[in-house]
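Reviewing the structure listed below.
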Amino acid sequence: MPAEFLQPGSVLFVPPLAGQPADNWWSWVAGTNWRHPDGPDSNITGRDNYPVIHIAFEDARAYATWAGRSLPTEAQFELAARNKRDSRYAWDGNELAPDGHHHANTWQGSFPVEHASEDGHVGLAPVGCFGSNDYGIYDLIGNVWEWTSNWYYPEHDPADTLNPEGPSQQESVSRNHGNAVARVIKGGSYLCAENYCLRFRPAAREAQDSGLGTSHIGFRTVLNPE
């Protein structure tokens, strides 16, 4: 095992250089964490309004518990992200950028080598750059993926419809993680493009190794009624 994997760190998005194979854009970088989000020599000065990143699931859940709150379930997140609308996206219509107007921080162009930045952002954007939805919530789509409390299973149980809790840990399986257990992340991120990922739809979901922090996953908490 490479020595850097034995040191605390996290996974950074590193776009391939011109002429390099465009099939791997992640690098484990020792010393990367939420205080040093772009590598060990970076810091969070001036980033007070940015999403926190490089947070593994247990750390996100521990913070939520400390705050007297919880991480949203997959169903809670999707209900809020649907924005009281019945369309492909979280806004009116079935286009990512209706009339050329972007409603979320995503990737425009051919991922991972071409980014037109039509939404005005490269990489993370400050919270609230786009308008709130019908519930007064910001950035449920794009910017960063967000942890949910649900274990991941490739399909939903049709009978699990009333405040669904999802599968148990014993039932969880992710084919993208060697059939290991994983948690559900929702919302897509600034790395989701129309030619790759397409996970910036409220209904979309993805599996994620719960022990791994990355530069495009964050979280939010919810206050549940007692």
**Request:** Scan Ser42, Ser87 and give me the residue that is of a type in the set (Ser, Thr, Tyr), out of contact with any Cys (no Cβ under 6 Å at 6 or more places or on another chain) and modelled with pLDDT of 95 or more.
**Result:** Ser42
**Request:** Looking only at region 141-160, decide whether some residue is at pLDDT 95 or above, surrounded by fewer than 17 Cβ atoms within 10 Å (Cβ to Cβ) and more than 19 Å from Ala204 (Cβ to Cβ).
**Result:** no
**Message:** Being surrounded by fewer than 20 Cβ atoms within 10 Å (Cβ to Cβ), on the phi > 0 side of the Ramachandran plot and among the hydroxyl-bearing types (Ser, Thr, Tyr) narrows it down to one residue among Ser117, Ser87, Ser70; which is it?
**Reply:** Ser117
**Message:** Going by what's in this entry, would Ser210 be described as in a loop (DSSP other than H, G, I, E, B) and under 22 Å from Thr32 (Cβ atoms)?
**Reply:** yes
**Among (1) in contact with a Phe, Trp or Tyr (Cβ under 7 Å, 6 or more places away or on another chain); (2) of a type in the set (A, V, I, L, M, F, W, C); (3) at pLDDT below 90 - the single one Trp107 does not satisfy** = (3)
**Message:** Could you tell me how many of the residues in region 210-226 are modelled with pLDDT under 95 and not small (Gly, Ala, Ser)?
**Reply:** 5
**Request:** Go through the residues of region 50-73 one by one and say whether even a single one is touching a residue at least 60 places away in the same chain (Cβ under 8 Å), farther than 30 Å from Gln7 by Cα, over 17 Å from the mean Cα position of the chain (by Cα) and assigned to a loop (DSSP other than H, G, I, E, B).
**Result:** yes
**Test: Ala180 is within 30 Å of Asp23 (Cα to Cα) and modelled with pLDDT of 90 or more** = no
**Asked** Can you tell me which residues in region 136-184 are in contact (Cβ under 8 Å) with a residue 24 or more places away in the chain, farther than 20 Å from Gly213 by Cβ and of a type in the set (Asp, Glu)?
**Response** Glu165
**Prompt:** Just a yes or no: is a residue in region 164-184 surrounded by 14 or more Cβ atoms within 10 Å (Cβ to Cβ), within 23 Å of Pro126 (Cα to Cα) and within 11 Å of the chain's Cα centre (by Cα)?
**Reply:** no
**Prompt:** Hey, any hits in region 32-42 for a residue that's touching a Pro at 6+ places or on another chain (Cβ under 8 Å) and assigned to a strand (DSSP E or B)?
**Reply:** yes
**Item:** So Thr45, is it without any contact (Cβ under 8 Å) to a residue 40 or more places away in the chain, part of a loop (DSSP other than H, G, I, E, B) and surrounded by fewer than 17 Cβ atoms within 10 Å (Cβ to Cβ)
**Value:** yes
**Message:** Within region 91-99, does at least one residue satisfy the condition of being free of Cβ contacts under 8 Å to residues at least 12 places away in the same chain, among the charged types (D, E, K, R) and on the phi > 0 side of the Ramachandran plot?
**Reply:** yes
**Prompt:** In the set Leu191, Leu212, Leu223, which member is out of contact with any strand residue (DSSP E or B) (no Cβ under 7 Å at 6 or more places or on another chain) and either touching a residue at least 12 places away in the same chain (Cβ under 8 Å) or of a type outside the set (D, E, K, R) (or both)?
**Reply:** Leu223
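The values are calculated or read from the model by the stated rules, or taken from the named source; none is laboratory data. Quantities reported herein were computed from a predicted structural model and do not represent experimental measurements. Cβ atoms come from the backbone with ideal geometry, glycine included; neighbour counts cover every protein chain shown.
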